[in-house]
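Visitor: Here you go, one structure.
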Amino acid sequence: MRVLIVKTYWVEKYMSIVLTYYLDHAMIGLLFSQRAGNTPLVEQMKKPEIIVEPITSAQIGQLDNIMLLFFAYRDFTGDADRLLAELEFGRAHHRVMFFINRKPGLSVAELLEILGITKQSLARVLRQLIDEGYVYQRMGKRDRRKRLLFPTDLCRDLIYDLSVFQSTRIEKALTGLSAEKREVVSDFLTEMIDVEGRKNLRKLMP
């Protein structure tokens, strides 16, 4: 019985090597052989074309507004990014601190839902903020399985400094607009948020 098993193993091993060999060579022949009246497969593969004409709004709707949003978001976050970089923080830290300040006592589960990220992604950022004294975490009084998050004075001061940059930029952009037009801006931003996101937004409103 043992001899039969050993023989079977080597037969399968040999067949696997032979099959791999012939398959490899068959593919090489298919790619590079010139058959009568046919173009080799390698030559049939389309080469990327260089495009010199710009893409336009006629091809993609709202393209100009997409570009406006890109530049607006770049500058909106730029001032805060520079201050965060001095502390070796990033935008993920900023978002966590912002929402904890907006709603002290926010649970980790609620924060995950708002940010739309994985536990692993949040864990690294949250651990750094807790270790450096920006966030305090404690268990819930009614449900001890819940982990509730609170800002410290360090966190509140930092969010104030970061938000001053952004609120100043927004106020400058809105200068000269009537109350009705300002309302249009708020409605536009709200409509850009998915339905589930709007539910979370309402929970954060005072």
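Visitor: Obtain the nm distance between the two label points defined at S178 and D75 by a simple spin-label model: each point lies 7 Å from its Cα along the Cα-to-C-beta direction.
Guide: That separation, rounded to one decimal, is 2.6 nm.
Visitor: Let me ask another. Highest mean first, how do 185-195, 148-158 rank when packing is the count of other Cβ atoms within 10 Å averaged over residues? Please list the in-between numbers first.
Guide: Values: 185-195: 9.8, 148-158: 17.6.
Final packing ranking: 148-158, 185-195.
Visitor: What is the Cα coordinate range of segment 94-154 on the first, second and third principal axes, sorted by size from largest, in whole angstrom?
Guide: 28, 26, 20
Visitor: Something else now. Report the full-extension gain for the segment N200 to R91: residue separation times 0.36 nm, less the Cα-Cα distance, to one decimal in nm.
Guide: Values: separation 109, 0.36 × 109 = 39.24 nm, distance 1.96 nm.
37.3 nm is the gain from fully extending N200 to R91.
Visitor: May I pose another question? Can you give the net charge of the other residues whose Cβ lies under 13 Å from the Cβ of P206, counting K and R as +1 and D and E as -1?
Guide: Working: positive: R102, K103, R202, K203; negative: none.
Local net charge: +4.
Visitor: Whole Å is fine, so just give me how far the alpha carbon centre of segment 74-108 lies from that of segment 143-170.
Guide: Centre-to-centre distance over Cα atoms comes out at 7 Å.
Visitor: So which lysines pass the test for K103, namely a Cα distance under 16 Å, with those fewer than 8 places away in the same chain ruled out?
Guide: Within reach: K146, K199, K203.
FYI, it's all coordinate maths here, none of it is from the lab. Everything quoted here is computed from the prediction, not taken from an experiment. So basically every Cβ, Gly included, is an ideal-geometry build from the backbone, and we count neighbours across all protein chains shown.
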